[in-house]
1. Do we have any residue at all in the range B:13-21 that's assigned to a helix (DSSP H, G or I), within 12 Å of chain A (Cβ to nearest Cβ) and farther than 22 Å from B:Val110 by Cβ?
2. When you check B:Thr16 against the structure, is it within 16 Å of B:Arg99 (Cα to Cα) and touching a Cys at 6+ places or on another chain (Cβ under 8 Å), yes or no?
3. State all residues of the range A:380-414 that are open to solvent by 60 Å² or more (accessible area, probe 1.4 Å), in contact (Cβ under 8 Å) with a residue 24 or more places away in the chain and part of a loop (DSSP other than H, G, I, E, B); if no residue qualifies, say none.
4. I'm told A:Ser465 meets every condition in (1) outside any helix (DSSP H, G or I); (2) open to solvent by less than 20 Å² (accessible area, probe 1.4 Å); (3) of a type in the set (Gly, Ala, Ser) except one. Can you identify the failing condition by its number?
5. Are any of the residues in the range A:89-105 closer than 30 Å to A:Ile142 by Cα, open to solvent by 10 Å² or more (accessible area, probe 1.4 Å), modelled with pLDDT of 85 or more and of a type in the set (S, T, N, Q)?
6. With the condition kept exactly as written, say whether any residue in the range A:425-434 is farther than 24 Å from A:Thr490 by Cβ and in contact with a helix residue (DSSP H, G or I) (Cβ under 7 Å, 6 or more places away or on another chain).
7. Step by step: first the residues of the range A:68-87, then only those that are of a type outside the set (Asp, Glu), open to solvent by 10 Å² or more (accessible area, probe 1.4 Å) and under 28 Å from the mean Cα position of the chain (by Cα), then the one that is modelled with the highest pLDDT. Which residue is that?
8. Among (1) modelled with pLDDT under 90; (2) under 14 Å from the mean Cα position of the chain (by Cα); (3) surrounded by 15 or more Cβ atoms within 10 Å (Cβ to Cβ), which single condition is B:Pro84 missing?
Amino acid sequence: MSKPAPSLHDKLHQLRERFIEQLPSRLAQTAELWQQSRTTSEEQARLAPELHRFFHSLKGTGRSLGFERLALLADQAEEALTTSPARDDIDTFISQLLLQLGREQQHLRSHHGQQQALAAVNSFELTSQVEPPLRNKRQRLIYLCDDEPEQVDQLIHHLRCFGHEVVQFIDTETFFNAVLTRRPDAVIMDVQFPQGQTAGTETLTSLNKLTGQPLPAIVLSAHSDFNSRLSAVRAGCGGYFTKPVKPLDLMLAVDELTTPMVEEPLKVLVVDDEPEAAAYHALLLEEDGMSVHQVHHPADALNAMERFSPDLLLVDVYMPVCSGEELATIIRQQPEYLGLPIIYLSSETDSQKQISAMSAGVEAFLTKPVQPDELVSAVRLRAERLRLLRSLMTRDSMTGLYNHSTTTELITKALAQAHREDSQHAMAMIDIDHFKHVNDTHGHLAGDQVIITLARLLKSRLRLSDIIGRYGGEEFVVLLKGISAEKAATLIDSLREDFALVDFHAGDVRFRCTFSAGISRFPAQPSTESLRLSADQALYRAKHQGRNQIVISTELADER
Amino acid sequence: MHILVVDDDPLAGEMTAALLESQGHAPLLANDAMEAVEQLDTHSDIQLIVSDMHMPLVSGLALLAMLREQGNNLPFILLTGDTPDAALQQTPGLNACLRKDAELAWNLEVAVRQALALHG
């Protein structure tokens, strides 16, 4: 048996050690080059590229290997060397940096320094190997820094339930290095550490200064005194919680802090037979942050609409083969595009012709050459209005999930495509156990909290491509694409386990909830209706067998 | 099937190679553009090139231009210590331009997968 090949982890470890070993000679060489380049201006010109490269590679390699402080110093040196005209104090500045680099190198050679750099990079490797394929847009990387780990176990569990990746630190220095190596989406920080009364918030303040970008942070503290709170405000923290904290409240705060308000950009389809004109208009809209797709032949428009599902169409009136008016009529003849705003572009100033165009259901008429501002605002106004209407029509207002009719429609569409592609899907019907009891005992607000939490759990843990809908009341339906019923059951079951551990609060009372689910498979059940029926029957069995469980429909049993 | 890694800093090159290896690829190393061309001549089964940007004499970009001129159309991924600007990102013939940072492992894996998928 041969020795197993060294893992990536071992290799990186070796490379890091070699980097530290080589560092003194690298730095000495750089210092020597620097001295020499200061002798004459010819020398300076000759050695400048090499010197630049030295710092540059120190920065790049240092950063990839997790020596972030070293990389920051090298970056400053590189910046100073490439800025022109050079700063007046460049001599002292570079010498200072070389000194600091020397000190950092000694620190790294000490055992302690190595351990820290390793810890910072290890936390990244371990998580990054499992996370990438699963991570979706709503999941966050959260650093939690608290010197009393047992106090935050519960919190970490809750955060992980919702798919967030949590890395825990017990001292501020390891945390400091980790932030420089891999920036988190949010930080939860204790105030008081053995190093000082406000060591936690001070670390945040100095990180913000060093990186120039404020870290989204929430403070979690055992104390609520003025000084602790003031230090949190000064560190730019977005929230302050005193222990013991209710995990759900803190989660909401993390969400608020990390969910950018920006929505998906507005999507515009430009139909114009002149590629230059199409490109110009597309550019104007893209500069305003919209996502634009161009089509140069009217016949391609329908196809593009199906794939791109635009919020608005910008159509040139004069095109060979098919005029803009004819295209608008074709589009309006399809019920799903009845509400889609269409804007015409033409060089037509004749108002009579404009009116005839309007009769085909066109929203606006812009005359070429169009004013950039006019184009952008005309498009934005109409596209946003459609977005809003659409979301009112399709979303459930409490959870933001698709409502009953939209869910059914989306699933039917997905199945039609699946028939063509010969793929398998699974449907899960999920129902909260004894929900009426929750409402009766703890009140409707508590009930809403349970529903919203389950919605968020589904949204954060399932893929963006899965269809998640609220079917009504406490019932949810999910179409999991491209996986077997067995795999779906395993997945939903892991959600069930996590959901059962979430603590809800109603006044001073703490309670927990469970759900049951039934799963059916496509194409064994070929239609939305038959999928739903057989998932429903499986759900019924899950409830009957004692709730808090997942049951897969067996086709035989369902043929009764 | 090999992936050619070009970097004048041997440590950086080995690190990139280690990442690629852990992702199931077989990396070959070259210390500069000249060595890269030699490797390409010796190994006909190179599928993709990952090159550092800043190298003495011939930069990563110059290497890319040189190869394209010679009709070599292998997918090409550029690594740089700086945050790549838009102009660099959109260099014709470049599949991806990645920053050397802690996210490199993940970014590289995605970029390699995409580049290989594109080139079938």
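1. Pass one, the range B:13-21, residues assigned to a helix (DSSP H, G or I): B:13-21.
Those left that are additionally within 12 Å of chain A (Cβ to nearest Cβ): B:13-21.
Subsequent filtering for residues that are farther than 22 Å from B:Val110 by Cβ retains none.
Scanning the range B:13-21, I find no residue that is assigned to a helix (DSSP H, G or I), within 12 Å of chain A (Cβ to nearest Cβ) and farther than 22 Å from B:Val110 by Cβ, so the answer is no.
2. Values: within 16 Å of B:Arg99 (Cα to Cα): yes; touching a Cys at 6+ places or on another chain (Cβ under 8 Å): no.
No; evaluated as a whole, the condition is false for this residue.
3. A:Met398
4. (2)
5. Scanning the range A:89-105, I find no residue that is closer than 30 Å to A:Ile142 by Cα, open to solvent by 10 Å² or more (accessible area, probe 1.4 Å), modelled with pLDDT of 85 or more and of a type in the set (S, T, N, Q), so the answer is no.
6. Residues of the range A:425-434 that are farther than 24 Å from A:Thr490 by Cβ, as a first pass: A:434.
Cutting the leftovers down to in contact with a helix residue (DSSP H, G or I) (Cβ under 7 Å, 6 or more places away or on another chain) gives us none.
No, because not a single residue in the range A:425-434 is farther than 24 Å from A:Thr490 by Cβ and in contact with a helix residue (DSSP H, G or I) (Cβ under 7 Å, 6 or more places away or on another chain).
7. Of the range A:68-87, the ones of a type outside the set (Asp, Glu) are A:69-74, A:76-77, A:80-87.
Subsequent filtering for residues that are open to solvent by 10 Å² or more (accessible area, probe 1.4 Å) retains A:69, A:72-73, A:76, A:81-87.
Retained after the next criterion (residues that are under 28 Å from the mean Cα position of the chain (by Cα)): A:69, A:72.
Numbers: A:Arg69: 82, A:Leu72: 86.
Only one residue fits best here, namely A:Leu72.
8. Among (1) modelled with pLDDT under 90; (2) under 14 Å from the mean Cα position of the chain (by Cα); (3) surrounded by 15 or more Cβ atoms within 10 Å (Cβ to Cβ), the lone unmet condition for B:Pro84 is (2).
The values are calculated or read from the model by the stated rules, or taken from the named source; none is laboratory data. In this text the structure is predicted, and so the values were computed from the model without any measurement. With ideal geometry, Cβ positions are generated from the backbone for all residues, glycine too; neighbour counts draw on all protein chains shown. These accessible areas exclude ligands, DNA and RNA; they are computed on the full protein's heavy atoms, side chains included. Shrake-Rupley method; radii C 1.70, N 1.55, O 1.52, S 1.80 Å.
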